[in-house]
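To keep things clear, I will list the structure first and then write my remarks on it.
Computed from the coordinates by the stated procedures, all read-outs in this text should not be read as laboratory data. This one's a predicted model, so the numbers in the text were calculated from it and none came from an experiment. Virtual Cβ from ideal backbone geometry, glycine too; neighbours counted across all protein chains shown.
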Amino acid sequence: MKPSTAYSFSLSIDQSLSEVDKMVKNVLKEEGFGIISEIDIAAKLKEKLGVEHPPHIILGACNPKLAHKAIQDNPDVALALPCNVVLQEEDGGTIISALLPSVALKPFEGLQVQESSCSAEEALSRVFDALASK
């Protein structure tokens with residue numbers, strides 16, 4: 001999939017967030033990503049501010065091999081990890097988006113950093129292609 005904006009992949013699926021969440025996690029796993037964090041934005045806004053918000057989750061996705069390679073080259077890369085994949089329910093469907101790794105890692109020097117960002121971006125592109133075909 002080509003990026004949707006200058007900084008992200010984005011896709012809308014006509015299913016609830018709970019249904020899409022499982023699909024996204026499975027497709028990410030197939031591409032070598034694990035989920036190392038999960039933030040339920042709606043629950044946190046309710047807890048901290050008492051406000052209602054549509055279902056909205058941030059998945060912290062990490063490909064350990066690529067992350068390790070990049071961090072070995074430039075430890076500051078950890079500032080931009082993990083890759084965030086955002087799911088937000090809207091009008092009965094779910095919008096899935098992710099920041100392009102090339103954008104996230106652009107400020108960091110190192111050949112391995114740039115190679116890792118390209119590999120991660122190619123993998124995320126395949127993730128979004130797979131999700132678009134479901």
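Let me confirm the definition first: pairs of Lys residues in the chain, 8 or more apart or on different chains, C-alpha distance under 22 Å. How many are there?
Pairs that pass both the separation and distance tests number 14.
What Rg and what Dmax come out for the chain when only alpha-carbon atoms are used, in angstroms?
15.1, 46
Please list 51-63, 7-19 highest first by mean number of surrounding beta-carbon atoms within 10 Å per residue.
Going by the mean number of other Cβ atoms within 10 Å, highest first, we get 51-63, 7-19.
Please compute, over every Cα-Cα pair in region 1-59, the percentage with a separation greater than 13 angstrom. Walk me through the intermediate numbers first.
Numbers: 1226 of 1711 pairs.
I get 72 percent for the Cα pairs in region 1-59 exceeding 13 Å.
Suppose only helical runs count, i.e. DSSP H with n ≥ 4. What mean residue ellipticity at 222 nm does that imply for the chain under -39500 (n - 2.57) per run, divided by all residues and rounded to the nearest 500 deg cm²/dmol?
-13500 deg cm²/dmol
Take each complete run of DSSP H in the chain, measure how far its Cα atoms stretch along the helix's own axis, and keep only those covering 18 Å or more with mean Kyte-Doolittle hydropathy at least -1.0; list them.
Working: long enough: 17-30 (19 Å, -0.31); 111-132 (31 Å, 0.16).
Helices meeting the span and hydropathy rule in the chain are 17-30, 111-132.
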